[in-house]
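Novice: To start, I am sharing the structure in question, which I have written as structure tokens.
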């Protein structure tokens with residue numbers, strides 16, 4: 001957090017260098033953000049006092065503890081905390097639900113529904129883990145078919161018995 005400052009000349013009586021003043025993260029009112037976006041792999045947290053309506057996009061991990069309505073999109077990992085109430089369409093790399101979700105969840109990897117969690121909506125994922133006590137109301141599509149059987153159409157017995165005989169054909173004389 002602090003940088004070590006090494007100076008060749010220090011004023012007399014100053015045995016310890018003064019650390020640089022941290023930059024303020026407040027907005028200057030120009031509407032542009034002064035802090036860089038979080039690096040991939042970084043954990044982002046939206047506390048229980050946060051309410052968001054709209055679309056949320058993030059990189060890395062996101063932990064939500066508050067209320068969110070709209071849409072959540074990321075390739076990262078989403079954790080929905082115990083106090084969270086989500087009413088959104090979710091499309092992420094993986095999702096862990098500890099709170100309440102109302103909306104469809106589509107992930108590339110894994111959905112984990114913890115014991116006190118409640119999910120109302122459809123889930124599509126490679127794998128699903130659900131603890132005892134969890135509530136899930138919806139449809140699920142888990143994994144992908146390994147070998148899809150081919151449907152082979154066989155003629156019905158009625159079709160086999162029908163044989164067309166041309167009218168102009170010569171018939172063999174009766175014996």
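Novice: Rank by packing, highest mean first: peptides 49-58, 79-88, 107-116, 94-103, with packing defined as the count of other Cβ atoms within 10 Å averaged across residues. Each step should come with its number before you reach the end.
Specialist: Numbers: 49-58: 12.9, 79-88: 20.0, 107-116: 17.2, 94-103: 21.8.
Order by mean packing, descending: 94-103, 79-88, 107-116, 49-58.
Novice: Moving on. Can you tell me the relative contact order of the range 43-134? Whole percent, Cα pairs under 8 Å, sequence separation 6 or more.
Specialist: Details: 285 pairs, mean separation 17.0, N = 92.
With pairs under 8 Å counted, the relative contact order is 19 percent.
Novice: Considering the convex hull of the alpha carbon atoms of the range 43-134, report its projected area averaged over all viewing directions, in nm², one decimal. Before the final figure, lay out each step's value.
Specialist: On the way: hull surface 18.8 nm².
Hull-based average projected area comes out at 4.7 nm².
Novice: Rounded to the nearest 0.05, what FRET efficiency do residue 42 and residue 135 give with R0 = 35 Å and r taken as the Cβ-Cβ distance? Could you check?
Specialist: Values: r = 31 Å, r/R0 = 0.90.
In this case the efficiency is close to 0.65.
Just so you know, all these numbers are worked out from the coordinates, no wet-lab data involved. Being a predicted model, the structure only gives us computed values, none of them experimental. Heads up, the Cβs are rebuilt from the backbone with ideal geometry, glycines too, and the neighbour counts pull from every protein chain shown.
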